[in-house]
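**Student:** Quick one: the structure is below, and I'll ask about it shortly.
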Amino acid sequence: MDIRGSVPIGDSGLAQRLRREIEGEVLFDAFSRGRYSTDASIYQIEPIGVVVPRTVQDVVAAIQIAREAGAPVLPRGAGTSQCGQTVGRALVVDVSKHFNKVVDLDASARRVTVEPGIVLDHLNAHLKAHGLFFPVDVSPSSRATLGGMTGNNSCGARSIRYAPSATTASAISVPAAGASTR
Ligand SMILES: Cc1cc2nc3c(=O)[nH]c(=O)nc-3n(C[C@H](O)[C@H](O)[C@H](O)COP(=O)(O)OP(=O)(O)OC[C@H]3O[C@@H](n4cnc5c(N)ncnc54)[C@H](O)[C@@H]3O)c2cc1C
């Protein structure tokens with residue numbers, strides 16, 4: 001079995017279809033692939049290409065198109081992972097640019113709904129006005145996104161008292177290939 005997969009790096013057919021069907025950026029050029037071939041780890045693997053989705057519909061469409069093409073999908077936040085979690089021969093989906101908002105805050109229930117690309121420090125700046133904070137204090141808090149923290153089940157100095165990221169999340173919405181976004 002060829003573990004490298006059958007979709008070529010920089011596949012122009014896949015890029016063209018993505019450009020036709022999503023609003024966000026489609027980055028299949030060598031420079032972009034080079035930028036996304038690294039994270040904070042020692043590993044370096046060139047992706048097939050990168051999409052920077054603008055809408056949830058973009059995310060669903062990108063996953064569906066990748067699935068039909070036989071390309072793996074690799075979500076990415078800030079890329080501060082240290083074990084190569086965000087590098088791979090896949091279609092990288094970077095949610096850090098357009099999915100970085102607080103959707104809803106119920107301060108009395110201490111429950112906040114966020115988009116996955118929001119940076120921890122930005123979330124805490126928002127929560128501070130309500131006397132709240134997100135209790136997982138990872139070191140790269142000025143970069144790390146809530147999606148990436150949940151993916152890594154990130155921990156911090158206070159996680160023994162509170163909880164790691166995945167436990168702190170009470171619900172996660174996951175777009176899937178073929179899913180409706182309505
Ligand atoms: C100097 C330094 C210090 C660090 N200190 C800590 C620390 O104190 N505690 C700690 O736990 N970690 C630490 N880390 C590791 C890392 O920074 C954290 O785990 C961080 O929370 C990852 O966030 P990120 O946005 O960079 O995620 P990324 O690296 O972008 O992604 C992490 C994982 O989540 C997945 N992912 C990202 N977004 C999504 C999404 N929207 N949907 C589904 N999956 C997604 C990715 O595919 C990947 O598998 C440190 C790293 C560095 C470089």
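The values are calculated or read from the model by the stated rules, or taken from the named source; none is laboratory data. On a predicted model such as this, the values are computed, not experimentally measured, just so you know. Backbone-built Cβ (ideal geometry, glycine too); neighbour counts: all protein chains shown.
**Student:** Run down 92, 102 and say which single residue is of a type in the set (Val, Ile, Thr) and surrounded by fewer than 18 Cβ atoms within 10 Å (Cβ to Cβ).
**Tutor:** 102
**Student:** Quick check on residue 168: is it polar (S, T, N, Q) and over 17 Å from the mean Cα position of the chain (by Cα)?
**Tutor:** Yes; evaluated as a whole, the condition is true for this residue.
**Student:** Name the single residue, out of those in the stretch 69-83 being in contact (Cβ under 8 Å) with a residue 60 or more places away in the chain and more than 6 Å from the ligand (Cβ to nearest atom), that is surrounded by the most Cβ atoms within 10 Å (Cβ to Cβ).
**Tutor:** In this case the residue turns out to be 71.
**Student:** Moving on. Test each condition in (1) touching a helix residue (DSSP H, G or I) at 6+ places or on another chain (Cβ under 6 Å); (2) closer than 28 Å to residue 40 by Cα for residue 63 and report the one that comes out false.
**Tutor:** Residue 63 satisfies all of (1) touching a helix residue (DSSP H, G or I) at 6+ places or on another chain (Cβ under 6 Å); (2) closer than 28 Å to residue 40 by Cα except (1).
**Student:** Would you say residue 46 is buried (at least 16 other Cβ atoms within 10 Å of the Cβ) and touching a Ser or Thr at 6+ places or on another chain (Cβ under 8 Å)?
**Tutor:** Against the criterion (buried (at least 16 other Cβ atoms within 10 Å of the Cβ) and touching a Ser or Thr at 6+ places or on another chain (Cβ under 8 Å)), residue 46 qualifies.
**Student:** While we're looking at this one, here's another question. Would you mind stating whether residue 21 is touching a Phe, Trp or Tyr at 6+ places or on another chain (Cβ under 9 Å), more than 15 Å from the ligand (Cβ to nearest atom) and outside the structural domain of residue 155 (by TED's automatic domain parsing)?
**Tutor:** no
**Student:** Also, quick follow-up: Go through (1) away from the ligand (no atom under 12 Å from the Cβ); (2) of a type in the set (Gly, Ala, Ser); (3) buried (at least 21 other Cβ atoms within 10 Å of the Cβ) for residue 108 and report which single condition fails.
**Tutor:** Single failed check for residue 108: (3).
**Student:** Hey, does the stretch 123-130 have a residue that's free of Cβ contacts under 8 Å to residues at least 12 places away in the same chain, in contact with a helix residue (DSSP H, G or I) (Cβ under 8 Å, 6 or more places away or on another chain) and either within 15 Å of residue 81 (Cβ to Cβ) or away from the ligand (no atom under 15 Å from the Cβ) (or both)?
**Tutor:** There is no residue in the stretch 123-130 that is free of Cβ contacts under 8 Å to residues at least 12 places away in the same chain, in contact with a helix residue (DSSP H, G or I) (Cβ under 8 Å, 6 or more places away or on another chain) and either within 15 Å of residue 81 (Cβ to Cβ) or away from the ligand (no atom under 15 Å from the Cβ) (or both).
**Student:** Hey, could you check the stretch 140-167 for residues that are part of a helix (DSSP H, G or I) and within 6 Å of the ligand (Cβ to nearest atom) and say which is farthest from residue 113 (Cα to Cα)?
**Tutor:** 152
Conditions tested, residue by residue: (1) outside the structural domain of residue 152 (by TED's automatic domain parsing); (2) of a type in the set (Gly, Ala, Ser); (3) closer than 22 Å to residue 155 by Cβ; (4) part of a loop (DSSP other than H, G, I, E, B).
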| residue | (1), (2), (3), (4) |
| --- | --- |
| 33 | yes, no, no, no |
| 40 | yes, yes, yes, yes |
| 46 | yes, no, no, yes |
| 59 | yes, no, no, no |
| 78 | yes, yes, yes, yes |
| 81 | yes, yes, yes, yes |
| 84 | yes, yes, yes, yes |
